[in-house]
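The structure appears below as C-alpha cells.
The values are calculated or read from the model by the stated rules, or taken from the named source; none is laboratory data. Owing to the predicted nature of the structure, the values given are computational and were not obtained by experimental measurement. Here the Cβ is made from the backbone with ideal geometry for all residues, glycine too, and neighbour counts use every protein chain on show. With ligands, DNA and RNA removed, areas are computed over all heavy atoms of the protein, side chains included. Shrake-Rupley method; radii C 1.70, N 1.55, O 1.52, S 1.80 Å.
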Amino acid sequence: MAVATPAHPRAGKPAHAAPGAEARAPTPPAARALLVAFTASLVYACFASGATALPQESWLELALAVIATVAAGVWLYGSGIALRASPLGIAGIGLLVLFAAWAAASIAYSVAPDRSWAEVNRVIAFALTALIGVFIGSSLPRAAERVGLALAVAALPVALYALGGKTLPGVHIGNLVNLDQAGSFNRLRAPLGYWNALALVCVTGALPLLRLAADPSRLPWRRAGALVGVFVLVLVVGLTYSRGGVLALVAGVATLTALGTERVRTLVFFGSALVASVLPLSIALGRADLTRDIVPLAQRQDDALAVFAAVIAVGALLVLWGRALVAVESGPVFTPARGRAIGRPVAAVLGVVVVLGVIGSLATGKAQDTFATFKDPQGAAALTDPNRLLSSNSGNRWVWWKEAAGAWSDKPVAGWGAGSFPVTHRLYRELPLSVLQPHSVPLQWLAEDGLVGFLLAAGGLLALLAAALARVRGLPWSVSGAPPARGASAALLAVAVAWGVHSLFEWDWDIPAVTLPMLLCLGVLAARPAHGGRPLAARGLVMTAVTVGFVLFTVSALLPAIAKTKTSSALEAVGNDKVSEAQLADAAAQAELAARLNPLSADPLIAASDIAERRRRPDQARAYLLRAVRRQPYDVDAWTHLIRTEFLRGDRAAVRRASVKALDLDPISAATFGLAYRARQNSVLPSESASATGSPLPTQVPITTP
C-alpha cells in the first residue's frame, strides 16, 4: 500500500536506480525549502527551552502545522513535493493520530483536563513531524544525507552556546547573547534548560556528523570539519554530566557501526573525537571554580579561558589528524570487507566480556549492591556533581517509576488522563519530591493513557522504526563513487535508537526539541522515493479537509497559549505594589477572558481570585475558587487557595472541608498540612461561622485515594 501522489517531473528517482543516479537528480526548491523551514523550527525549539511550556510550545506547533499544510498544498497542486510511504510507515503515523484521538477522549475523565488538551496538541504536532519527514524523504534527492546534515546544523549552535558557559562566560551582548549560563549551576543545560535534553540534542547532531566524517566519498576538508563537530558535541555531552546522554551516544554509535557502511572508519573517527575531548574535559572537571555552583563570574573567567584555549588547540590538531586519517585510509584496513571481518570477532569478544561481567557481579553480590544503590532515594549524588557520572543511583527515578506503576495498576486500561502525572503523582508519592513526569516515557504512557494509549503510542513508534530498519537493511552497501545512501540512512536510524534508549529513563516525550528530530528521521526512512504515479483523485476534497484540519488545530493550539499569556499578565498586577485600582480591574478582566479561552484550566480562576483578594473582595475571590474546584476537583492548588480564602472570611467549617480535600489530594505535603492546621487553629468557632447550618462548598466529584 502506498499513498497516491500527483505526477510531477521532479518527484525523485526509483529505489532501484543505478548508483549515482540520485546524486545527479535536481533538487526541487520546494523540498529544500521544506527541510530548511523544519530546521529553523527545530532551532527555535532548542532555544525556547525545548518548547516544553506555553506559549512557546504552541508557536512551535503552529509552525509545524503551517509547514505540513503548505507541503500538502504543493503536493496537491504544485511540483517538487511528493508523498509516498511504506505500509509500515503509514500504519505508524496512523497509530500516532489514533493516540492523539485517545488523548482527546481522555479529557472527559482526566484529572488534569487542561494538561490532556496540551497533550493532544503535542501528539498531533508529532504526527505532523513524521508526515513532514515522509514529504522530505519522498521528494528530496539524498534525503537521508541532507536531513542528517540539517540535524547537525541545528545541534552545533546549541552546543556552542552551551559550551560558552565553560569557555567564554564573560561574553554578554545586550539581551541577545549571555553565555554566563553556568554560574548558578555548573552543569551545562542552556539553552534547553535541562542537561539531559541538551545531551540528547548533541547526540542527535553527532551521529550524522560521525557518518559524514567516516564517509570516504566526501572531500577531506569536509570530513575533517565533521570530525571537529563530533568533538564539540561529544565534549558538551560530557559537560552535561548526563549518564543518559552517554548511554544514548553509545547506543547510537553501536547502531551506526552495525548497520552503516564504514564500520572501521566510524570507530576510528569516533575514538579520535573521544580522545580529543579528554584534555578540555580534564581542565573543566579539574578546576574547582568550574565544578561548584554559584561562583562569581570574575572567579571563573581564568579557568574558563584555559578550557577555551584547550578547545581551540585540540580542534586545530584534530583537523590535522583528520586529514592524516584520510591520507592513509586507502589501505586495506579500512575496506568494508575488513570491517565485516573484524566486526564479528570484536562483537563476540564484547559479548563474552559482558556475560562474564554479569556472572561475576551476581556471584560476588555486586549486582545486588548496585541495584540497592539504584533504588536508594537518599544516595543520589548532587545534581551538579561531576562524580555522578560514575554513580549507579537512579536519581530518585525508582521512586517515580513506582508512583507511575501504582497509578497504572489502579486504572490499567484507560489511565488517569493524558498528561495527568503531575496530579496523580501526589496521590501515590511516599516522599515529598515534586515532579511533573515519571522520567520514563513508557511508564508515563501507562500511567496517563492506560494500556490502550500505551499500545497506540508504542505501536506507532515501533511501526515507524520497523519501516526505517527495513529501509536501511534493504539498501545496498556503498559502491565506490556512489553516494552512501545506506550509511546516511543508518545514521538517521541511529538517532531514533538513541532517543529510544534515552526515553526509557527520561521524559523526552514532553520535550519537543528532542523528540522532533527522532520523528523526522523515522518519517524520512519510512518514505519511498516517488516516481511518476497517477494524479490524486478528489484533490479539492483533500485540500478542503487539510484546510479545515489546519484551522481546527490552529484554534486548539492558540487558545491555551493566549489564555496562559493573559493569566501571566494578570498575575503581574498582583505582584506590583504600586498598581492602581483601574489596573487591577483590567487584570481581573484579563483573567476572566483567560478562563473563557481555556475552559479546562483552573489557573485563570485562581489568578482572578488573587486579584479579588488584592481588591479586598473576599466573597468574589471565594466565588472564583469555587468555580476552579468545580472545573478541576483534583487541583490541590485550587483547594489550598480556598483554604486561605475561607480563613480570611473566618469560616472554620469551610476551612475544615477544604483542608480535608487538599490533604486527600496531597496527603504527605507538609506545606498543605501546615496551611490547613494554621488556618483551622486561627479561624472562628463553628457557631460563629456563616456556614454553621450549611456548607458553602459545592458538591464535588468523589476523590479516590490509592
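So, in the stretch 95-135, how many residues would count as being aliphatic (A, V, I, L, M) and either farther than 27 Å from residue 73 by Cα or open to solvent by 20 Å² or more (accessible area, probe 1.4 Å) (or both)?
Quick first cut of the stretch 95-135, residues aliphatic (A, V, I, L, M) only: 95-98, 100-101, 103-105, 107-108, 111-112, 118, 120, 123-125, 127-128, 130-132, 134.
Next, only the ones that are either farther than 27 Å from residue 73 by Cα or open to solvent by 20 Å² or more (accessible area, probe 1.4 Å) (or both) stay: 95, 97-98, 101, 103-105, 107-108, 111-112, 118, 124, 128, 131.
The qualifying residues number 15.
Being without any contact (Cβ under 8 Å) to a residue 24 or more places away in the chain and either open to solvent by 10 Å² or more (accessible area, probe 1.4 Å) or in contact with a Lys or Arg (Cβ under 7 Å, 6 or more places away or on another chain) (or both) narrows it down to one residue among 160, 176, 156; which is it? Give the steps one after another, and end with the answer.
On the way: 160 fails: without any contact (Cβ under 8 Å) to a residue 24 or more places away in the chain; 156 fails: without any contact (Cβ under 8 Å) to a residue 24 or more places away in the chain.
None of the others qualify; the one that does is 176.
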Exercise. With 97, 134 as the choices, which residue is assigned to a helix (DSSP H, G or I), within 19 Å of residue 462 (Cβ to Cβ) and in contact with a strand residue (DSSP E or B) (Cβ under 7 Å, 6 or more places away or on another chain)?
Worked result: 134
Exercise. Within the stretch 215-248, which residues are open to solvent by 20 Å² or more (accessible area, probe 1.4 Å), in contact with a helix residue (DSSP H, G or I) (Cβ under 9 Å, 6 or more places away or on another chain) and among the small types (Gly, Ala, Ser)?
Worked result: 225
For this session: Go through the stretch 409-427 and give me each residue that's open to solvent by 20 Å² or more (accessible area, probe 1.4 Å) and under 17 Å from residue 115 (Cβ atoms).
Result: 411, 414, 423, 426
Exercise. Can you find a residue in the stretch 550-564 that is closer than 20 Å to residue 78 by Cβ and in contact with a helix residue (DSSP H, G or I) (Cβ under 9 Å, 6 or more places away or on another chain)?
Worked result: yes
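Kindly evaluate residue 163 against the criterion of being of a type in the set (A, V, I, L, M, F, W, C), within 20 Å of the chain's Cα centre (by Cα) and at pLDDT 95 or above.
Criteria not met by residue 163.
Within the group 475, 504, 451, 516, which residue is over 18 Å from residue 198 (Cα atoms) and either in contact with a strand residue (DSSP E or B) (Cβ under 7 Å, 6 or more places away or on another chain) or at pLDDT 95 or above (or both)?
Details: 475 fails: either in contact with a strand residue (DSSP E or B) (Cβ under 7 Å, 6 or more places away or on another chain) or at pLDDT 95 or above (or both); 504 fails: over 18 Å from residue 198 (Cα atoms); 516 fails: over 18 Å from residue 198 (Cα atoms).
After ruling out the rest, the residue left standing is 451.
Mind counting the residues in the stretch 42-72 that are in a helix (DSSP H, G or I) and either crowded, with 21+ Cβ neighbours inside 10 Å or over 14 Å from the mean Cα position of the chain (by Cα) (or both)? Break it down stepwise before answering.
Start the filter on the stretch 42-72 by keeping residues that are in a helix (DSSP H, G or I), which leaves 42-47, 49-51, 56-72.
Still in the list and also either crowded, with 21+ Cβ neighbours inside 10 Å or over 14 Å from the mean Cα position of the chain (by Cα) (or both): 42, 45-46, 50-51, 57-72.
The number of residues fulfilling the criteria is 21.
Could you list all residues from the stretch 184-214 that are farther than 23 Å from residue 42 by Cβ, open to solvent by less than 10 Å² (accessible area, probe 1.4 Å) and out of contact with any Phe, Trp or Tyr (no Cβ under 6 Å at 6 or more places or on another chain)? Step through it out loud before you land on a result.
Taking the stretch 184-214 as the starting set, the residues that turn out to be farther than 23 Å from residue 42 by Cβ are 184-187, 214.
Subsequent filtering for residues that are open to solvent by less than 10 Å² (accessible area, probe 1.4 Å) retains 186-187, 214.
Correct list: 186 only.
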Exercise. Within the stretch 238-254, is there a residue that is in a helix (DSSP H, G or I), touching a Phe, Trp or Tyr at 6+ places or on another chain (Cβ under 8 Å) and over 28 Å from residue 306 (Cα atoms)?
Worked result: yes
Exercise. So residue 263 fits all but one of (1) farther than 17 Å from residue 144 by Cβ; (2) open to solvent by less than 10 Å² (accessible area, probe 1.4 Å); what number is the exception?
Worked result: (2)
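Here's a check for you: in the stretch 633-682, which residue that is among the basic types (Lys, Arg) and free of Cβ contacts under 8 Å to residues at least 40 places away in the same chain is nearest to residue 623 (Cα to Cα)?
Checking each candidate, the answer is 644.
Give the number of residues within the stretch 539-583 that are in contact with a Lys or Arg (Cβ under 6 Å, 6 or more places away or on another chain) and at pLDDT 95 or above. Steps first, please.
To start, the set of residues in the stretch 539-583 that are in contact with a Lys or Arg (Cβ under 6 Å, 6 or more places away or on another chain) comprises 574.
Now narrow it down to the ones that are at pLDDT 95 or above: none.
Matching residues across the stretch 539-583 total 0.
Tell me, yes or no, whether the stretch 534-550 has at least one residue that is surrounded by 21 or more Cβ atoms within 10 Å (Cβ to Cβ) and in contact (Cβ under 8 Å) with a residue 40 or more places away in the chain.
No.
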Seminar exercise, completed: Expected single match for over 29 Å from the mean Cα position of the chain (by Cα) and among the hydrophobic types (A, V, I, L, M, F, W, C) among 311, 268, 278 is 268
Exercise. Quick one: is residue 566 part of a loop (DSSP other than H, G, I, E, B) and more than 30 Å from residue 153 (Cα to Cα)?
Worked result: no
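Among the helices (runs of 4 or more DSSP H) lying completely within the stretch 599-705, list those that include at least 1 residues that are aromatic (Phe, Trp, Tyr), at negative phi and at pLDDT below 90. Working first, answer last.
Working: elements: 603-614, 618-631, 636-649, 652-665, 670-682.
In the stretch 599-705, 636-649, 670-682 are the helices (runs of 4 or more DSSP H) which contain 1 or more residues that are aromatic (Phe, Trp, Tyr), at negative phi and at pLDDT below 90.
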Problem set entry | Tally of residues being surrounded by fewer than 19 Cβ atoms within 10 Å (Cβ to Cβ), of a type in the set (A, V, I, L, M) and without any contact (Cβ under 8 Å) to a residue 24 or more places away in the chain across the stretch 267-306 | 5
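Are any of the residues in the stretch 179-193 part of a helix (DSSP H, G or I), in contact with a helix residue (DSSP H, G or I) (Cβ under 6 Å, 6 or more places away or on another chain) and modelled with pLDDT of 95 or more?
Going through the stretch 179-193, the residues part of a helix (DSSP H, G or I) turn out to be none.
Taking every residue of the stretch 179-193 in turn, none turns out to be part of a helix (DSSP H, G or I), in contact with a helix residue (DSSP H, G or I) (Cβ under 6 Å, 6 or more places away or on another chain) and modelled with pLDDT of 95 or more.
Could you list, in sequence order, all residues of the stretch 376-432 that are among the aliphatic types (A, V, I, L, M), outside any loop (DSSP other than H, G, I, E, B) and under 30 Å from residue 294 (Cβ atoms)?
At the first step, the residues of the stretch 376-432 found to be among the aliphatic types (A, V, I, L, M) are 380-383, 389-390, 399, 404-405, 407, 413-414, 418, 423, 427, 431.
From the residues that got through so far, the ones that are outside any loop (DSSP other than H, G, I, E, B) too are 389-390, 399, 404-405, 407, 423, 427.
389, 390, 399, listed by residue number.
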For this session: Tell me, please, whether a residue that is assigned to a loop (DSSP other than H, G, I, E, B), open to solvent by 10 Å² or more (accessible area, probe 1.4 Å) and over 28 Å from residue 137 (Cβ atoms) can be found in the stretch 476-495.
Result: no
Problem set entry | Pairs where the first residue, in the stretch 486-503, is among the aromatic types (Phe, Trp, Tyr) and the second is crowded, with 24+ Cβ neighbours inside 10 Å and assigned to a helix (DSSP H, G or I), C-beta under 6 Å, 6+ apart | 499/518
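Out of curiosity, is residue 144 open to solvent by less than 10 Å² (accessible area, probe 1.4 Å) and of a type in the set (A, V, I, L, M)? Write out each step before concluding.
Values: open to solvent by less than 10 Å² (accessible area, probe 1.4 Å): no; of a type in the set (A, V, I, L, M): yes.
Criteria not met by residue 144.
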